[in-house]
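Here the structure comes first, spelled out in structure tokens, and everything after it is commentary.
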Amino acid sequence: MEGERGAEVASSLMDALQRVQGRRFGRIFVIGGAEVYREAMETENCNRILFTDVHGDIETDVDFPVDFRGAGWKKVDHEGLEKFVGGDVQRGDITEGQLSYEFQMWEKYTAE
């Protein structure tokens, strides 16, 4: 199915990944909801998570569906995050009004 300005619309994450197979892309990003995140993390190609860690007890409709911290994933240092995104990323806790958060990157690892 064709979307706006040549964008393609896929019926599922797996459909989208099949559509891009064989094409040259530097990076593919998955932007949720919860079930899309869960499905993406179950694929063998998911090796990095760009994560905004919101601090405090905040009421939300949906939480990130997989507790990945420490379960085969390691937090990358801030310099690694900036290198990956190709620019400056605000460091440490960021506060906006009552909200506090931190930008993080996590990478999958295998025990050797």
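Just so it is clear, none of the values below were taken in a lab; they were calculated from the coordinates. Note that this is a predicted model, so its numbers are computed, not measured. Here the Cβ is made from the backbone with ideal geometry for all residues, glycine too, and neighbour counts use every protein chain on show.
Observations on the structure shown:
- Cα-Cα P(r), the chain, percent of pairs per 10 Å interval: 11, 36, 36, 16, 1
- If only the Cβ of Lys and Arg carry +1 and only the Cβ of Asp and Glu carry -1, the dipole of the chain around its Cα centre is close to 640 debye.
- At full extension, ASP88 and VAL66 could sit 5.2 nm farther apart than now, given 0.36 nm per residue minus the alpha carbon distance.
- Sorting the segments 86-92, 41-47 by their residues' average number of neighbouring beta-carbon atoms within 10 angstrom, most packed first, yields 41-47, 86-92.
- Helical content of the chain, expressed as a calculated mean residue ellipticity at 222 nm, amounts to -5500 deg cm²/dmol (DSSP H runs of 4 or more residues, -39,500 (n - 2.57) each, divided by residue number, nearest 500).
- Between VAL9 and ASP53, the FRET efficiency estimated from the beta carbon spacing at R0 = 22 angstrom works out to 0.10.
- GNM top mover of PHE68, PHE84, PHE51 - the chain, alpha-carbon springs below 10 Å: PHE84
- Length released on extending from GLU42 to GLU79, taking residue separation times 0.36 nm less the Cα-Cα span: 10.6 nm
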